[in-house]
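Data first, discussion second: the structure below is written as structure tokens.
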Amino acid sequence: MIIDVHGHYTTAPPALQHFRDAQLAGEAAELAQISDEQLRDSVERNQLRVLTERGGELMLFSPKASGMEHHVSDPALALDWARASNDLVHRLGELYPHRFAPVAQLPQTPDGNIANVVAELHRAVGELGFVGVNLNPDPSGTWAGPPLTDESWFPVYEALEALDAPAMVHVSTACNPNFHTLGAHYLNADTSVFVQLLQSDLFKRFPRLRLVIPHGGGAVPYHWGRYRGLAMRNGWQDPSDLWRNVFVDTAVYHQPGIDLLLDVVPVENVLFASEMLGAVRGADPDTGIEWDDTLVYVRRAGLSDDALRAVLGENALRVYPRLASRAASTA
């Protein structure tokens, strides 16, 4: 089974954005009814079509990452927005149980909103059957908050361990114009979180916590020697120790990048992903390959048959136990 662990609902019916606009305008916001037909139409010409054409079988599907907008400080708005977004993703998972496995948005705010975050985590994963969540390491959009290793995050990690669910570490919109959301902020976050973890003993306290760093781990594969050297200089753990709990995906959009990723990161820690429909659209004019058709790059990376099966699906089933249960129940 080819499992894409990183897909976003970037094609939701307009009613969802109208609901959000009303929220942000301070108006009485109520999500208009969205029919199953509208939901089907929103993905069958988009994510579902592309997934099928490229040979993928199952996608982990979450609300639009840049639309999470955790910088909005009102806790009640954050909770209503997360629940509305998650409920649509859940409905798609029910309509297409063989094709979409839902991943939840959390109602984070710059102040944390941790009680609501934990409550929505339990609702989405524990009650609705979501296989994981997206966790924003920078709800402020300006890096004003504490690192992911701060104890203020611990209730979230306790809930994730109790539910045996992983979190993909994924920021939302940048609120600083110095950092382009898709070109800089996302990749900066991936890199920064890895270094935060490298400096900490977080996984000694939460040994069953699993975090997925998207977009190929940011700068991590390219600067692996820097992180090893810094660890030795500062008395940190060896960066390879993090591979017990940290995983990266293959949302990297050229062949040399995928080759480097698979050369540096252990195969068992790499999960296939495309992030479609997301940051990039269209094809590379030099190769004719769609930028986010990462399945082509992974297949051309020279992996053994066993390693290729692990990256394309087996690793995801191991990292996301609820996905394995879901796949078995819908087989």
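Computed quantities for the displayed model
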read-out: Which numbered condition residue 60 misses (of (1) within 23 Å of residue 125 (Cα to Cα); (2) open to solvent by 50 Å² or more (accessible area, probe 1.4 Å); (3) modelled with pLDDT of 95 or more); value: (2)
read-out: Which listed residue, of 165, 101, 84, is closer than 25 Å to residue 39 by Cβ, in contact (Cβ under 8 Å) with a residue 60 or more places away in the chain and assigned to a loop (DSSP other than H, G, I, E, B); value: 165
read-out: Counted residues, segment 178-201 - those being small (Gly, Ala, Ser) and either in contact with a Gly (Cβ under 7 Å, 6 or more places away or on another chain) or more than 16 Å from residue 147 (Cα to Cα) (or both); value: 2
read-out: Unique match (being assigned to a loop (DSSP other than H, G, I, E, B), over 16 Å from the mean Cα position of the chain (by Cα) and free of Cβ contacts under 8 Å to residues at least 60 places away in the same chain) among 228, 233, 281, 309; value: 281
read-out: Per-region count, segment 312-331, residues assigned to a helix (DSSP H, G or I) and either surrounded by 17 or more Cβ atoms within 10 Å (Cβ to Cβ) or of a type in the set (A, V, I, L, M) (or both); value: 13
read-out: Any hit, segment 172-180, residues being within 28 Å of residue 257 (Cα to Cα), open to solvent by less than 30 Å² (accessible area, probe 1.4 Å) and not in a helix (DSSP H, G or I); value: yes
read-out: Residue check, residue 261 in contact with a Pro (Cβ under 7 Å, 6 or more places away or on another chain) and not in a loop (DSSP other than H, G, I, E, B); value: yes
read-out: Residue in segment 195-205 that is in contact with a His (Cβ under 8 Å, 6 or more places away or on another chain) and at pLDDT 95 or above present; value: no
read-out: Among residues of segment 285-295, those that are free of Cβ contacts under 8 Å to residues at least 40 places away in the same chain and either within 19 Å of the chain's Cα centre (by Cα) or in a helix (DSSP H, G or I) (or both), counted; value: 1
read-out: Failed item, numbered, when residue 247 is tested on (1) open to solvent by 40 Å² or more (accessible area, probe 1.4 Å); (2) in contact with a Leu (Cβ under 9 Å, 6 or more places away or on another chain); (3) within 17 Å of residue 187 (Cα to Cα); value: (1)
read-out: So residue 74, is it surrounded by fewer than 17 Cβ atoms within 10 Å (Cβ to Cβ), more than 18 Å from the chain's Cα centre (by Cα) and closer than 25 Å to residue 215 by Cα; value: no
read-out: Members of segment 297-306 found to be in a helix (DSSP H, G or I) and open to solvent by 40 Å² or more (accessible area, probe 1.4 Å), listed by number; value: 299, 305, 306
read-out: Filtered residues of segment 108-138 (kept if in contact (Cβ under 8 Å) with a residue 60 or more places away in the chain and open to solvent by 20 Å² or more (accessible area, probe 1.4 Å)); value: 129
read-out: Within segment 77-115, tally of residues that are of a type in the set (S, T, N, Q), within 20 Å of residue 18 (Cα to Cα) and more than 19 Å from the chain's Cα centre (by Cα); value: 0
read-out: Residues (basic (Lys, Arg), modelled with pLDDT of 95 or more and either open to solvent by less than 80 Å² (accessible area, probe 1.4 Å) or in contact with a Phe, Trp or Tyr (Cβ under 6 Å, 6 or more places away or on another chain) (or both)) located in segment 1-56; value: 20
read-out: Restricting segment 259-285 to residues that are of a type in the set (D, E, K, R) and within 29 Å of residue 43 (Cα to Cα), the residue that is least open to solvent (accessible area, probe 1.4 Å); value: 275
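The values are calculated or read from the model by the stated rules, or taken from the named source; none is laboratory data. Quick caveat: nothing in here was measured; it's all calculated off a predicted structure. Note that we place each Cβ from the backbone using ideal geometry, even for glycine, and neighbour counts take in every protein chain shown. Please note that ligands, DNA and RNA were not included when accessible areas were found on the heavy atoms of the full protein model with its side chains. Shrake-Rupley method; radii C 1.70, N 1.55, O 1.52, S 1.80 Å.
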